[in-house]
Amino acid sequence: MTVQVIEKEGAPEWAVIPYDEYQALLRLAEDAQDVADAHEAMRDVAEGKDELIPGDVVERLVSGDEHPLRVWRTYRGLTQEALGRSAGVGKSYVSQIESGRKTGSATMLSRLAKALNVDVDDLLMSDDVKGRVLDGVGP
């Protein structure tokens, strides 16, 4: 590696390297951060702070063809009635949120998220997904 050291008042202040060497160092630093992040994620899973989600569930969430509430509810093995009972709401209210006929209040979504052991953000739909669900494109 070619390095030019620039001193200030007799002490090293700057190290100047060729740009291609800088880019190589940057890639190595990013790779090292990726490895550290992966280790942290696996540690969180091992300690029960996070969970691994099966690929088919992730695909359902990402596709936007159905409401995230339905995806998480079925993944957790709950009926609409069981989820409603756990969140303190009726089965029909859960059904209306899943079909897009109701959006659900912040309080209700928070209770449903808690019952499903997910973040409230995991239950929110983007506007384009709402349109597809309301138009009957999604289940």
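The values are calculated or read from the model by the stated rules, or taken from the named source; none is laboratory data. Every value quoted in this text rests on a predicted model; they were computed, and no experiment measured them. Cβ atoms come from the backbone with ideal geometry, glycine included; neighbour counts cover every protein chain shown.
Restricting attention to the range 54-70, the residues being closer than 14 Å to Asn117 by Cβ and at pLDDT below 95 number 0. The residues in the range 107-124 that are in contact (Cβ under 8 Å) with a residue 40 or more places away in the chain and exposed (fewer than 15 other Cβ atoms within 10 Å of the Cβ) can be counted, and the count is 1.
Scanning the range 71-98 for residues that are over 13 Å from Leu116 (Cα atoms), among the charged types (D, E, K, R) and crowded, with 16+ Cβ neighbours inside 10 Å gives a single hit, Glu98. Suppose the filter is without any contact (Cβ under 8 Å) to a residue 60 or more places away in the chain and in the same structural domain as Leu124 (by TED's automatic domain parsing); does Arg76 pass it? So Arg76 fits the description; yes. A single member of Asp37, Asp65, Asp56, Asp50 is in contact (Cβ under 8 Å) with a residue 40 or more places away in the chain and within 30 Å of Leu123 (Cα to Cα), and it is Asp65.
Scanning the range 4-61 for residues that are more than 32 Å from the chain's Cα centre (by Cα) and among the basic types (Lys, Arg) returns a single hit, Lys8. Counting only helices (runs of 4 or more DSSP H) that fall entirely inside the range 17-103 and contain at least 3 residues that are basic (Lys, Arg) and over 30 Å from Ile6 (Cα atoms), no element qualifies.
For Arg101, indicate whether it is charged (D, E, K, R), at pLDDT 95 or above and either out of contact with any strand residue (DSSP E or B) (no Cβ under 8 Å at 6 or more places or on another chain) or surrounded by 21 or more Cβ atoms within 10 Å (Cβ to Cβ) (or both). Considered against the rule, which asks whether it is charged (D, E, K, R), at pLDDT 95 or above and either out of contact with any strand residue (DSSP E or B) (no Cβ under 8 Å at 6 or more places or on another chain) or surrounded by 21 or more Cβ atoms within 10 Å (Cβ to Cβ) (or both), Arg101 comes out as no.
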